[in-house]
Amino acid sequence: MHEMALAEGILDIVLSYADKNEAKKVTEISVLVGEMTGVVDESLEFCFTSIAKDTKAEGAKLILKRIPLVARCLECGKETKIERYNFTCPHCGSLRMETISGRELRVESLEAD
Ligand SMILES: [Zn+2]
């Protein structure tokens, strides 16, 4: 399951941060989620909550921030927000688009006590 692997990755980062900073409990985790990852928020939250049980991150609030899919046209250089995976430049019609955001999934910040 896609979300389970991602939740485990997030938990690893969070717990190693908590250990390094000698935090007793992680209270809040902000995660950047690109549209391109196809992650379902509820599913990721559910997975995270279940694997975070009995760790320092148990009960932490998971804040998911969506990053829109944006691509730059290699012909005219304009940037466009991509809807429904339609990689066609609306300015010149080119199909040569380079993704510049929307693939990321990473922990942006977290709060711990
Ligand atoms: Zn273009």
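The values are calculated or read from the model by the stated rules, or taken from the named source; none is laboratory data. Since this is a predicted model, take the numbers as computed values, not measurements. We place every Cβ from the backbone using ideal geometry, glycine too, and count neighbours over all the protein chains shown. Side chains included, ligands, DNA and RNA excluded: accessible areas come from the protein's heavy atoms. Shrake-Rupley method; radii C 1.70, N 1.55, O 1.52, S 1.80 Å.
Within the stretch 71-83, identify whether any single residue is closer than 16 Å to L110 by Cα, open to solvent by less than 60 Å² (accessible area, probe 1.4 Å) and either among the aromatic types (F, W, Y) or modelled with pLDDT of 95 or more (or both), and answer yes or no. No, the stretch 71-83 contains no residue that is closer than 16 Å to L110 by Cα, open to solvent by less than 60 Å² (accessible area, probe 1.4 Å) and either among the aromatic types (F, W, Y) or modelled with pLDDT of 95 or more (or both).
Among the residues of the stretch 43-72, those that are over 15 Å from I10 (Cα atoms) and either over 13 Å from the mean Cα position of the chain (by Cα) or of a type in the set (A, V, I, L, M) (or both) comprise D54, I67, L69, V70, A71, R72.
Restricted to the stretch 50-70, and to residues there that are open to solvent by 80 Å² or more (accessible area, probe 1.4 Å) and in contact (Cβ under 8 Å) with a residue 12 or more places away in the chain, the residue that is nearest to the ligand (Cβ to nearest atom) is R66. Residues considered: A7, A23, A18. Of these, the only one that is surrounded by 14 or more Cβ atoms within 10 Å (Cβ to Cβ), among the small types (G, A, S), touching a Lys or Arg at 6+ places or on another chain (Cβ under 6 Å) and touching a residue at least 12 places away in the same chain (Cβ under 8 Å) is A18. Applying the set (1) modelled with pLDDT of 95 or more; (2) assigned to a helix (DSSP H, G or I); (3) hydrophobic (A, V, I, L, M, F, W, C) to A57 leaves exactly one unmet item: (2). For the stretch 76-113, residues that are assigned to a loop (DSSP other than H, G, I, E, B), hydroxyl-bearing (S, T, Y) and away from the ligand (no atom under 16 Å from the Cβ) total 1. Of all the numbered requirements in (1) open to solvent by less than 50 Å² (accessible area, probe 1.4 Å); (2) in a helix (DSSP H, G or I), E45 misses one, and that requirement is (1).
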